[in-house]
1. Kindly provide the helix-only [θ] at 222 nm of the chain, computed as the sum of -39,500 (n - 2.57) over DSSP H runs of four or more divided by all residues, to the nearest 500 deg cm²/dmol?
2. For the chain, what is the accessible area per residue in Å², given a 1.4 Å probe and the full set of protein chains?
3. Which value results for Rg/Rh of the range 1-129 when Rg is the Cα radius of gyration and Rh the Kirkwood radius based on the inverse mean 1/r?
4. Roughly what percent of Cα-Cα pairs across the chain reach past 31 Å?
5. Would you calculate the convex hull of the Cα atoms in the range 67-197 and tell me its volume per residue in Å³?
6. Please work out how much length the chain gains when fully extended from Glu48 to Tyr154, using 0.36 nm per residue of separation minus the C-alpha to C-alpha distance, in nm with one decimal.
7. How far is it, in nm, from the label point at Met103 to the one at Asp181 when both lie 7 Å from their Cα along the line to the Cβ?
8. Rank-order 11-22, 50-61, 150-161, 34-45 by packing density, defined as the average count of other C-beta atoms within 10 Å over each peptide's residues, highest first.
Amino acid sequence: MSDARALVIFSGGQDSTTCLAWALREYGKGNVDCITFRYGQRHAQEIEAAQKIAADFGIANHRVVSLDGYGQVTDSALLNPGLLIATAEGAACPNTVVDGRNMLFLLMAAIAAKRDGTRDLVTGVCEADSSGYPDCRDAFVTSCNATLNLAMDYTFRIRTPLMALTKAQVWALADELGILDYVAEHTLTCYNGVIGRGCGDCPACALRQRGYDAYKGGLP
């Protein structure tokens, strides 16, 4: 267990909840804080789920930061409830991608972390099963880490425990951490705001369920 502190970028979804449990194991309960962003996402349930989960995990310092102007500079099915969630023919990823989101989240988290004397940022981005989102790639995270260090003259370490994992392996990690059932029942991954198993129709639910089925199917 490390003596360092960590700030977890926390959405209340499967990946960030698994990362939160991982951070608590890695750093110890008193050394982990959370930050959640309200950025105009289409369902307020995400914030409520994040707050409940952070409380359930005993996180004393959980900030919810407003970025409500996001929808003024870009468009996405996650920001505009009038858009039908879909993947255009030939597109690399669904229209739920929010340009620059992880970069903005990491920047805001880094600013908050520096103020508190924290150097480690934990985020649940995953290159292996990311729906093609460009800001979930390891190359982006490495570049962003270097830029943050230069921008603030401060040594940050962005930790991505899920980066090389498939969704099945993320479920396996949740099981190893003792939170498999909790993640399945209480996290919010669904783009339509349905907690737990989700709506079953959106791309996030499909990816999550495929991973769960693959993990369960591989168990003896």
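1. -13000 deg cm²/dmol
2. Value returned for the chain: 46 Å² of accessible area per residue.
3. 0.99
4. Result: 15 percent of Cα pairs exceed 31 Å.
5. It comes to 144 Å³ per residue, whole-number rounded.
6. Details: separation 106, 0.36 × 106 = 38.16 nm, distance 3.23 nm.
Result for the pair: 34.9 nm of gain on full extension.
7. Between Met103 and Asp181, the label points sit 4.4 nm apart.
8. 11-22, 34-45, 50-61, 150-161
The values are calculated or read from the model by the stated rules, or taken from the named source; none is laboratory data. Every value quoted in this text rests on a predicted model; they were computed, and no experiment measured them. Virtual Cβ from ideal backbone geometry, glycine too; neighbours counted across all protein chains shown. Calculation scope for accessible area: heavy atoms of the full protein, side chains included, ligands and nucleic acids excluded. Shrake-Rupley method; radii C 1.70, N 1.55, O 1.52, S 1.80 Å.
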